[in-house]
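Worksheet: the structure to be examined is printed underneath.
The values are calculated or read from the model by the stated rules, or taken from the named source; none is laboratory data. Please read these numbers as outputs of a predicted model, since none were measured by experiment. Note that each Cβ is placed from the backbone with ideal geometry, even for glycine, and that neighbours are counted across all protein chains shown. Note: areas computed on protein heavy atoms with side chains; ligands, DNA, RNA excluded. Shrake-Rupley method; radii C 1.70, N 1.55, O 1.52, S 1.80 Å.
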Amino acid sequence: MGQSPPVVLGRENSLCDPFTFLSSSSTFISGEGFRDEIAVEIVDYTAELPDECLAFVFQFLGPGDRNRCSLVCKRWFRVDGWSRHRLSLNAQSEIVSSLPSLFTRFDSVTKLALRCSRKSISLTDDALLTISIRCRNLTRLKLRGCREITDEGMSTFAKNSKKLRKLSCGSCMFGAKALNAVLDHCANLEELSVKRLRGIHDGAEPIGPGAAASSLKMICLKELVNGQSFAPLVLGSKNLKTVKIIHCLGDWDSVLQLIGNRNRNYKENLNCDINYGSSDSNSSPLMEIHLERLQVSDIGLSAISKCTKIENLHIVKTPECSNYGLVCVAENCKLLRKLHIDGWRTNRIGDEGLIAVAKHCSNLQELVLIGINATHVSLSAIACNCSKLERLALCGSGTIGDTEIACIAAKCMALKKLCIKGCPISDIAIEALGSGCPNLVKIKVRKCRGVSSDAGEWLREQRGSMLINMDACDTDCGFEASVSDIGVHETGVEVGQVTAVGASTSSNGRLALLRSKLGHFAGRNLVACTLRRWSNCDDNLNINL
């Protein structure tokens, strides 16, 4: 039998995938189906892409996807190494031998997190010294459960980390000596967060601002036995903007009085500078204070009322605070924009304090009331006088019913986000919201037994563009579960910051962020399919750092 003539397959008829094509020499297939010659050239379409652009694309990937991409080729491995600015490590003692090679590859790390579980032995002072030598550009450090690090180790680290701007430490054993060393040597430190430090105990030496007196802007103290030892630091930080004191033991009225006097002195110095034609002042005022689960009374609240520039105030589960303290704050802190109050159902804060807030704080934009038995009297005053109110949360109150919600619906014209949780409202309140609050875009109703599923469906029909999250409804439209997050704060992703170890972000989140950054091109199917394919790769290709 004769052979049939060979068949030539052109590019348009080839069966190769989009990343390969036939070379200039044709491919011949014999009549028996045997391939005589194959000439296939694989093309890397990223070869012409500059390393900087490739690194920019990597920034939109989660840690797992980045690890997988680093295994594609030597170039991607190299670009992934120098473009990672954030690294999170399991800080067990076994990692010590890998630190030199690890930081040789990731030589651009500026943000480092070291975490160790309670059942493991953490890395020691020597390992921390190695890190401080290898990471000369470190600006952020987070320590969790690193119980083997001592005061001496932190002191040595501080001497080598002059560029450090943010330090967060929790469940560690070092104490005041280590923190004083950091404050003395890290002159650029802006944020300090301390949680459950075993070395901060009764009788510990005071913690002062040191060289960071002019740079420190935020101090957060959580679950400390002797948090009062930080008083010199708070008072000596000239440009301090935010103070957060959460679940710390002891009486805090005296510390708050010192803070209030500090801000009063600032105001007096500012007036003197104006009178003498000078624009320089020795310090700047506090703008944000969080008091949560503390032994604080009206004495403390009246003291911080001297901080007249406060814009954000949280008074959470402080049972000794009453209307008197809140009235003092409202009368003096007229620039308040965000106010969170959790009365812990003690009935010590109510209409009287809220009416004072309505009368004096006309710039209020966010109000969260938890366990506060407010009525339509105070809510009506807030709705009428606080015309800029955009976010409102009413939770765990037995006095907020249909009348109060109807008042809000009729008078809160600027309201955009509303959360109602554990209040005795019914379908009548939902009906009022259907025609009121014209700018309302998100509503969350939880644990309100008087609200039926029919009311939720009706509201969705009336306000089609509104995001609705209700217990009785089947659809969850994305509201945060936490009442404290009623503001649904927008969080941005900084360019150049990616995590090496941790949970991967969702494909939808990355695509949304990519669209916002790259605009028109990010919406094309090629980008979407590529990111989807990367995110669905085999999880077993993760790099063990």
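Name all residues of the stretch 95-129 having a backbone nitrogen under 20 Å from the label point set 7 Å from the Cα of residue 74 along its Cα→Cβ direction, giving them as ranges.
It comes to 101-102, 104-107, nothing else.
Treating only the Cβ atoms of Lys and Arg (+1) and Asp and Glu (-1) as charged, compute the dipole magnitude of the stretch 117-246 about its Cα centre; round to the nearest 20 debye. Each step should come with its number before you reach the end.
Numbers: 22 positive and 11 negative charges, 137 e Å.
It comes to approximately 660 debye.
How large, in percent, is the carbon and sulfur part of the accessible surface of the stretch 117-246 at a probe radius of 1.4 Å?
49 percent
Accessible area per residue, 1.4 Å probe, Å², for the stretch 117-246: what's the number?
Details: 5220 Å² over 130 residues.
Here the residues of the stretch 117-246 average 40 Å² of exposed surface.
Cβ under 14 Å from residue 183's Cβ, residue 183 left aside: what net charge do those residues give with Lys, Arg +1 and Asp, Glu -1?
So the surrounding residues net to +2.
In Å and on Cα atoms, what radius of gyration and Dmax does the stretch 117-246 show?
My reading of the Cα-based Rg and Dmax gives 13.5, 41 Å.
Keeping all protein chains in place, calculate the accessible area per residue for the stretch 356-435 (probe 1.4 angstrom), answer in Å².
32 Å²
Send over the Kirkwood Rh of the stretch 34-168, from the inverse of the averaged 1/r over different Cα pairs, rounded to one decimal Å.
That comes to 16.9 Å for the stretch 34-168.
Separation of the stretch 321-387 and the stretch 216-240 by C-alpha centroid, Å?
Taking the Cα centre of each part, the stretch 321-387 and the stretch 216-240 sit 27 Å apart.
What's the local net charge at residue 316, with K and R +1, D and E -1, over the other residues with C-beta under 11 Å away?
Spelling it out: positives minus negatives among the neighbours equals +1.
Order the peptides 445-451, 42-48 from the highest to the lowest mean number of other Cβ atoms within 10 Å of their residues. Numbers along the way, then the final one.
Numbers: 445-451: 18.3, 42-48: 9.7.
Ranked from most to least packed, the peptides come out as 445-451, 42-48.
Sorted by average packing, counted as other Cβ atoms within 10 angstrom per residue and highest first, what order do 314-322, 214-222 take?
Packing proxy ranking, top to bottom: 314-322, 214-222.
List the residues, sorted by chain then number, that are 5 or more residues from residue 149 or on another chain and whose placed amide H is less than 5 Å from its amide H.
173
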